[in-house]
Amino acid sequence: REYVAYAGTFDGAGHTICGLYYDNTNYDGRNAGLFGNLAEEGDVKNLTVADSVINGATEIGGIAAYNYGTVSGCTNAATVTGTGATGGIVCRNLGTVENCTNTGAVTGATTGGIAAENNGEVVDCANSGAITGTSSVGGVVGMNDGTVEATLNTANVTASGTHVGGVAGNLVGGSVTGSGNLGNVTGASDYIGGVAGVCSGATITRSYNSGSVTG
């Protein structure tokens, strides 16, 4: 199946998109969100998605599934659910996500309030939606090999497996800087942390946790 990436500028000008409904958990229910793929030139900004439901298979995100470009000033208040990798704002970030907020409940396997997997930059973002997943589950990002800076999670993070963190579930690389967690973090097994479940080859600086941690 061929995917065409959006390479333009979509400026929501502060407006809200309501009534977006997607429901397909079959194999072809992939790359789902307001946008499927954003190219490097793609720029989505200044909009809110609310009163909506996005329920798919894998690569599911509230604003975009794959982001190679820039998502800024966006809020997701929709319920976002996937059977695989699922993120509140984007699923897989290889570009920049900045000044974004997720308030919707997010449920998946590898799961993050802002991004399920981050290989780019997540900056000045916050999550207040309940996060539920299997493993590599984080309030801000599920798995990280990029930059996470000036982020905050205030919601509960719950996983049925391992690698669970208030900010990042699995730090395989990159960095978390100036970020915090206020939510309760719960995992069924090992590698449960207030800021990060696992930090391997990564750095954590000027970050904090004040939520309970249970494993």
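The values are calculated or read from the model by the stated rules, or taken from the named source; none is laboratory data. Keep in mind that this is a model prediction, so the values were computed, not measured. Neighbour counts run over all protein chains shown; Cβ positions are idealised from the backbone, glycine included. Accessible surface is based on the protein model in full, side chains and every heavy atom, while ligands, DNA and RNA are left aside. Shrake-Rupley method; radii C 1.70, N 1.55, O 1.52, S 1.80 Å.
Can you tell me, using C-alpha contacts under 8 Å and at least 6 residues apart, the relative contact order of the chain as a whole percent? Let's see the in-between values first.
Numbers: 883 pairs, mean separation 25.9, N = 215.
Value for the chain: 12 percent.
Computed over protein heavy atoms with a 1.4 Å probe, the carbon and sulfur contribution to the accessible area of the chain reaches 46%. Surface calculation, 1.4 Å probe, protein heavy atoms: S136 sits at approximately 10 Å² accessible.
Averaging the inverse of every distinct alpha carbon separation and then flipping it gives the Kirkwood radius. What is it for segment 133-201, in angstrom units? It would help to have the intermediate numbers written out before the result.
Working: mean 1/r = 0.0913 Å⁻¹.
Taking the inverse mean of 1/r over all distinct Cα pairs, segment 133-201 comes out at 10.9 Å.
Please say if segment 58-108 is rounded, prolate or oblate, where rounded means a/c under 1.5 for a ≥ b ≥ c the square roots of the C-alpha gyration tensor eigenvalues, and otherwise the choice is prolate for a/b larger than b/c and oblate otherwise? Oblate, because a/c is 1.5 or more while a/b does not exceed b/c.
Using C-alpha pairs below 8 Å separated by at least 6 residues, the relative contact order for segment 101-215 is 22 percent. Applying 1/(1 + (r/R0)^6) with r as the Cβ-Cβ distance of A39 and T203 and R0 = 35 angstrom yields a FRET efficiency of 0.70. Of G174, C125, S207, which is farthest towards the positive pole of the chain's charge dipole, taken about the Cα centre with +1 and -1 on the beta-carbons of Lys, Arg and Asp, Glu respectively? The residue sitting most towards the positive pole is S207. With Cα atoms defining each centre, segment 66-100 and segment 10-52 are spaced 9 Å apart in the structure. Taking amide H atoms as placed 1.01 Å from N in the peptide plane, the amide H of V213 lies under 5 Å from those of V185, each 5 or more residues away in sequence or on another chain.
Estimated at the nearest 10 Å², the accessible area of D11 is 80 Å² with a 1.4 Å probe.
With a cut-off of 8 Å between alpha carbons and a minimum separation of six or more residues, what is the relative contact order of segment 66-145 in percent? Mind showing how you got there, number by number?
Details: 276 pairs, mean separation 23.6, N = 80.
Reported as a whole number, the value is 29 percent.
Does segment 1-145 classify as rounded, prolate or oblate by the C-alpha gyration tensor (a ≥ b ≥ c root eigenvalues; a/c under 1.5 gives rounded; else a/b over b/c gives prolate, otherwise oblate)? In terms of gyration-tensor shape, rounded. One decimal place: the segment N26-D11 gains 2.3 nm when fully extended, by the rule 0.36 nm per residue minus the C-alpha distance.
Taking all protein chains into account, the per residue accessible area for the chain stands at 38 Å² (1.4 Å probe).
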